[in-house]
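Heads up: the structure comes next, in structure tokens.
The values are calculated or read from the model by the stated rules, or taken from the named source; none is laboratory data. Here the structure is a predicted model, which is why all the values come from computation and not from measurement. Here the Cβ positions follow ideal geometry from the backbone for every residue, glycine too, while neighbour counts run over all protein chains shown.
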Amino acid sequence: MKKLATHPNPHIDDACGIWLLTRFHPAYKKHTVSFIPQSSKKIPAGFVAIGIGRGKYDEHKGDVNDCAATLVYKDIRGKIKNKIDRAALDEIVEWVKNEDHAQFFGIQNHEYGVAITGMSIPKVKGSKSKTSLNWMLTALDGIYVTIREKQQLLHDWEHKVTFETKWGRGVAVKTKTSSQQVAQLSMRKGFVLFAVENPENGYRYIKSAVRSAHVNLSKAYKTASANEPEAEWYLHHSKRMLICGSDVAENITLSKLTLKELISLVK
């Protein structure tokens, strides 16, 4: 059982340091966390100190370009063998460092980031530090899922297929990431339409997140339904989303159209 220690009311970099060790270092799967005032002169023997004690994982000893999270990450990055995992953690740790170094002050919607850092946790007498730490650990778990998906999509994007439609440029990609991630990247890259084949769950869809493009997939829906009557295609009432399979409608007959055939529905 590893014994970790940080200061009361931990900051996001301290929480991230603990998160990195307990989520990605096998030796720290079983652990306890104690809160020791930063003013303490000495850390008790047997404790791994995060952000306190002027030790290995405490930037206050003079590591001006680091924070507790980056110091921990330097130790464990080499243990992360999967390149998608590593790319996601690279991004998260960089964000944590910049947040800790006040690089986001003055930026619109920074309040949402402040909530993630645990500073807005209601004060609960005798348990605020533990509540705040657990909140940040849970938030980091969720952020990791999202950022890892983004990095996976960037990898899958290398094999994308682009095409033209009467509404503008479209892109097709085979990926297991969420449609929100595909929509975000597609819009950033200037596409008005995206088609996806999910190799993990078999879902297929064509969507547009660009309202100004006036995309209408009614014709594509009729063609797909006629060519593949056994598949349960769904045309969203906005007419901008054609879907076969989703997390809210799992028990349906899925399409078997290839990515090329999905493209043909809208070219």
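Couple of notes before you dig in:
- Failed item in (1) outside any loop (DSSP other than H, G, I, E, B); (2) in contact (Cβ under 8 Å) with a residue 60 or more places away in the chain; (3) not aliphatic (A, V, I, L, M), with LYS267 passing the rest: (1)
- Every condition in (1) on the phi < 0 side of the Ramachandran plot; (2) outside the structural domain of ASP14 (by TED's automatic domain parsing) holds for GLY190 except the one numbered (1).
- Tally of residues being under 32 Å from the mean Cα position of the chain (by Cα) and exposed (fewer than 13 other Cβ atoms within 10 Å of the Cβ) across segment 215-250: 6
- Pick from segment 128-159, criterion small (Gly, Ala, Ser) and in contact (Cβ under 8 Å) with a residue 24 or more places away in the chain, ranking: surrounded by the most Cβ atoms within 10 Å (Cβ to Cβ): SER132
- When residues in segment 165-174 are screened for being crowded, with 16+ Cβ neighbours inside 10 Å and in a loop (DSSP other than H, G, I, E, B), 1 of them pass.
- Taking residues in segment 204-228 that are under 21 Å from LEU257 (Cα atoms), and partners anywhere that are modelled with pLDDT of 95 or more and of a type in the set (Asp, Glu), the pairs with Cβ atoms closer than 8 Å and at least 6 places apart or on different chains are ARG204/GLU197.
- A single entry from ILE80, ILE84, ILE76, ILE43 fulfils the requirement of being aliphatic (A, V, I, L, M), modelled with pLDDT under 95 and surrounded by fewer than 19 Cβ atoms within 10 Å (Cβ to Cβ): ILE43.
- Put simply, of GLU232, GLU164 the only residue that is outside the structural domain of GLU149 (by TED's automatic domain parsing) and touching a residue at least 60 places away in the same chain (Cβ under 8 Å) is GLU164.
- Inclusion of THR177 among residues that are closer than 30 Å to THR117 by Cβ, in a helix (DSSP H, G or I) and of a type in the set (Ser, Thr, Tyr) is not warranted.
- Selected residue (only one of THR253, THR162 is among the β-branched types (Val, Ile, Thr), over 27 Å from THR146 (Cβ atoms) and surrounded by fewer than 18 Cβ atoms within 10 Å (Cβ to Cβ)): THR253
- Summed over segment 25-81, the residues that are among the aromatic types (Phe, Trp, Tyr) and either touching a His at 6+ places or on another chain (Cβ under 9 Å) or over 19 Å from LYS97 (Cβ atoms) (or both) give a count of 3.
- The single condition among (1) surrounded by fewer than 16 Cβ atoms within 10 Å (Cβ to Cβ); (2) in a loop (DSSP other than H, G, I, E, B); (3) not β-branched (Val, Ile, Thr) that MET187 does not satisfy is (2).
- Subset of segment 107-121 (residues that are in contact (Cβ under 8 Å) with a residue 24 or more places away in the chain and either outside any helix (DSSP H, G or I) or small (Gly, Ala, Ser) (or both)): THR117, GLY118
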